[in-house]
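So the structure is just underneath, and the comments pick up after that.
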Amino acid sequence: MRGVAIVTKIMIVSRFAPSPNGPLHLGHALSAIVAHDAARDANGRALLRIEDVDAARARPELVAEYRADMAWLGLDFDETAPQSLRLNSYAEAVDRLNTDGLLYPCRCSRAEQAHEKPAAEDRHADRTTPARCRVCRVGIGEVKDDEGSAPVAWRLDIIEAMRCTGPLTWNDVRAGPQNARPDLLGDVVLVPKHAAAAYHLAATLDDAADEITLVTRGQDLFAATHIHRLLQALLDLPVPQWLHHPLIRDESGEKLSKSRFSASMADRRRSGEDGRKLAQSLRSGKLPAGLHLS
Ligand code: GLU
């Protein structure tokens, strides 16, 4: 139609994607609120996705607690399929990357690994040992005599992958346009020895399957986004926007974490605290004593 401006508005679809391996704390509350409000305030969809691909670490009994935590905060999420029901899509992507010659097996035990330190911090670093695996790179595809049946992990050959895609960019709605630097994390593991997919691969595929248009998560996963952008290009997946939010830290500047026994939402909920009030305080940047955002 001539003379009529047609404005296409993309509906915001966001997600909160906790891994059920420990009770949620205030840092998760903030992530959940950011994801929820970004979508709901714009009449979009906010999804809760349970990232349970690491079956050995997943504690299914926590999922009901997570739902109760969200309701307690006054957040209204639609639920999407957990990762344990999406294993086929991970296997297909791994086949494709392997056929394209972009994966190589890593047979190192942790003790054997002679890894370089990655240039960027990554919350998932300890699980993926994200650096070039020099031991395995020496003889890609070779199997040491005594290790024929030992489980292998599969790493992404970052340099080759970047060569395939060429330069990539992505956008963070707070930090602005970014040039992708997947090399900062090195040859990340995409398939760990004992799971169908590592976080980077599973989350990227799920975000596409769930038609996420805005990926919100903490600043500690900023570097991971470079990898996710690369995987999107390699696997022809849609490219969302990102929003990395500041983290809640304690007096020593450490971010809250499940492993550091930060007070759980479930404990707060059971103690009778008002979750909606807490959510309002977090929204306005008012944190409990001793905590700050940065
Ligand atoms: N399950 C991931 C985590 O808890 C989610 C990270 C993300 O939002 O991408 O670290």
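The values are calculated or read from the model by the stated rules, or taken from the named source; none is laboratory data. If you're wondering where the values come from, they're calculated on a predicted model, not measured in any experiment. Using ideal geometry, Cβ is built from the backbone for each residue, glycine included, and neighbour counts are taken over all protein chains shown. When the accessible area is computed, the model is the full protein with side chains, heavy atoms only, and any ligands, DNA or RNA have been set aside. Shrake-Rupley method; radii C 1.70, N 1.55, O 1.52, S 1.80 Å.
Points to keep in mind about this one:
- Cα centroid of the range 242-289 to Cα centroid of the range 74-93, whole Å: 25
- For the range 196-252, the equivalent ellipsoid derived from the Cα gyration tensor has semi-axes of 23, 12, 10 Å, listed largest first.
- Put a dot 7 Å past the Cα of ALA42, heading toward its Cβ, do the same for GLU79, and the two dots end up 2.7 nm apart.
- Estimated inter-spin distance, SER257 and GLN280, nm [label 7 Å along Cα→Cβ]: 3.4
- Model label sites at THR99 and ARG163, defined 7 Å from Cα along the beta-carbon direction, differ in position by 2.1 nm.
- The stretch between GLU211 and LEU293 holds 26.5 nm of extra length on full extension. This uses 0.36 nm per residue minus the Cα-Cα distance.
- Along its first, second and third principal axes, ordered by size, the range 14-64 spans 37, 20, 16 Å in Cα coordinates.
- At R0 = 30 Å, FRET efficiency that the Cβ-Cβ distance of ILE10 and ASP236 yields, to 0.05: 0.95
- Eigenvalues of the alpha-carbon gyration tensor of the range 43-110, scaled by 5 and square-rooted, set the equivalent ellipsoid semi-axes at 32, 17, 9 angstrom, largest first.
- Ranked by how many other beta carbons lie within 10 Å on average, peptides 57-67, 284-294 from highest: 57-67, 284-294
- ARG15 sits among other residues whose Cβ lies under 15 Å from its own Cβ, and their net charge, with Lys and Arg +1 and Asp and Glu -1, is -4.
- Amide H to amide H, with H built 1.01 Å from N, HIS245 comes under 5 Å of ARG217, GLY218, GLN219, counting only residues 5 or more places away or on other chains.
- Accessible surface of TYR104, taken over heavy atoms with a 1.4 Å probe and every protein chain present, rounds to 0 Å².
- 25 °C / 0.890 mPa s Stokes-Einstein diffusion coefficient of the range 152-294, Kirkwood radius on C-alpha pairs, µm²/s: 141
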